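Asker: Take a look at the following structure, please.
The values are calculated or read from the model by the stated rules, or taken from the named source; none is laboratory data. This one's a predicted model, so the numbers in the text were calculated from it and none came from an experiment. For accessibility, only protein heavy atoms count, side chains too; no ligands or nucleic acids. Shrake-Rupley method; radii C 1.70, N 1.55, O 1.52, S 1.80 Å.
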Amino acid sequence: RLAHAHKNDIADSAGNVAAFATMEIATGKDVRVVSDLRVPPDAAGEYTVRVKIAETTRDLTRVSVEPRAPAAGVGQIANRLDYPFGNSIRLVGYDLPQKKVKPNNPLPITLYWRADRAIEKSYIAFVHVLGAQFNAAQNNFLWGQVDRVPSDGKFPTNAWRVGEIVPDAYRVVVDASAPPGAYKIE
């Protein structure tokens, strides 16, 4: 079987490509291709979804892209930070309304992120509660954790606008068998 270059894209009425995906596909009787097109965070308006195989381009359908709602309003950030993650993402602060928690109860914390540059990838953020004592059930020092796309998946990092502050609230349940003591949050 031979392979052909396959390209999907989404373009505005002037033909400007807003997003595209390229892959190699094998020739054959029936070929199914699945690809994701990541639309830029500031895109809005009518777009045409197109497919191109070899030198032939075909319009598939038209889609209407609605502007993304801005992240929830950010009031006073209790604890300001300036922690860069790579060259695009920055943790600018957090709110930790309570500093004491009982086992099997949630610890609320809100992180505040900012994009310094456009982000190509959707990253997973996490909040971990680490103890001084080893957690045999986890085989590590972890006593609570939440790992997910920011804002419960509503604001993936590749949808952040440059300069926008994105609040990211967590409720980390502390393990029911967590011993008393001081814990670190990472």
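Asker: Rolling a 1.4 angstrom probe over the protein heavy atoms, how many square angstrom per residue are accessible across the range 35-186? Please report the intermediate quantities before stating the final value.
Answerer: Details: 9410 Å² over 152 residues.
Using a 1.4 Å probe on heavy atoms only, each residue of the range 35-186 averages 62 Å².
Asker: How fast does the range 67-186 diffuse by Stokes-Einstein, in µm²/s, taking the Kirkwood radius from C-alpha pairs at 10 °C and 1.306 mPa s?
Answerer: Estimated via Stokes-Einstein, D reaches 104 µm²/s.
Asker: Determine the share of the range 47-168's accessible area contributed by carbon and sulfur atoms, expressed in whole percent, with a 1.4 angstrom probe.
Answerer: So the carbon and sulfur contribution to the accessible surface is 52 percent.
Asker: Same structure, new question: List the lysines whose alpha-carbon lies under 19 Å from that of Lys52, not counting same-chain residues fewer than 8 positions away?
Answerer: Lys7, Lys29
Asker: Going Cα to Cα from Lys121, which aspartates and glutamates come in below 14 Å? Please leave out same-chain ones fewer than 8 positions away.
Answerer: Asp36
Asker: Which of the residue pairs Lys154/Lys184; Lys99/Lys154; Lys100/Lys154; Lys100/Lys184 have a Cα-Cα distance greater than 23 Å in the structure shown?
Answerer: Lys154/Lys184; Lys99/Lys154; Lys100/Lys154
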